[in-house]
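Data first, discussion second: the structure below is written as structure tokens.
The values are calculated or read from the model by the stated rules, or taken from the named source; none is laboratory data. Everything numeric in this text was worked out from a predicted model, so none of it was measured. Virtual Cβ from ideal backbone geometry, glycine too; neighbours counted across all protein chains shown.
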């Protein structure tokens, strides 16, 4: 499904979010920057928007790896990187499955995953894999859709289920992918429930910041010193 919409993915994100997705990424990068990591894994990187934002927004010399298992999405990320040769020396893209990361234990200071956790087949396994590749004391940053404030829900769900699929169908030619978007958001846990899942995977100091009337949340958690 993501392979089918890869070429128009960035455009549809800008249009369907009204451009506010750039603000959400800005908040994510700011949170990561405060931790001063030397290496960051951007999981479910897709077309690479978050990975590029991290590489631009973090200190010079920080290593950023964008990882995804969707080849057409990675091809888009590589195309964007190639369009500016020499401009992204600290950034690389690699193929990898979030449920079985081809990485050594403790390989990264920070892991980000933006709008990708909804799409994994086994969230608990994914979170455990993320914890494995984080060094002790390293941070996990999850930027994901959440459950909006009660007063905005009727309008939000109408927009998500009735307006977005039609508009996205015109932009990408794939209405079904954006019907899936509404379904996946509707069944995804809210901030409190997702925080509990993160703790159950062995993380501590879990926080959740609601943004844009609760439509999106930024979860931050830290890997403890244990195995």
task = For residues that are modelled with pLDDT under 95 and not in a loop (DSSP other than H, G, I, E, B), tally how many sit in the range 162-210.
result = 23
key: Criterion: under 30 Å from residue 160 (Cβ atoms), at pLDDT below 95 and crowded, with 20+ Cβ neighbours inside 10 Å - qualifying residue of 66, 48   = 48
task = Test each condition in (1) more than 13 Å from the chain's Cα centre (by Cα); (2) in contact (Cβ under 8 Å) with a residue 60 or more places away in the chain for residue 153 and report the one that comes out false.
result = (2)
inquiry  = Need a quick list: helices (runs of 4 or more DSSP H) entirely within the range 43-136 having at least 2 residues that are touching a residue at least 60 places away in the same chain (Cβ under 8 Å) and over 26 Å from residue 195 (Cβ atoms).
reply    = 71-82
request  = Restricting attention to the range 108-128, report how many residues are surrounded by fewer than 23 Cβ atoms within 10 Å (Cβ to Cβ) and either closer than 16 Å to residue 31 by Cβ or touching a strand residue (DSSP E or B) at 6+ places or on another chain (Cβ under 7 Å) (or both).
outcome  = 4
Residue ID - nearest to residue 220 (Cα to Cα), chosen from residues in the range 13-42 that are out of contact with any strand residue (DSSP E or B) (no Cβ under 8 Å at 6 or more places or on another chain) and not in a helix (DSSP H, G or I) = 36
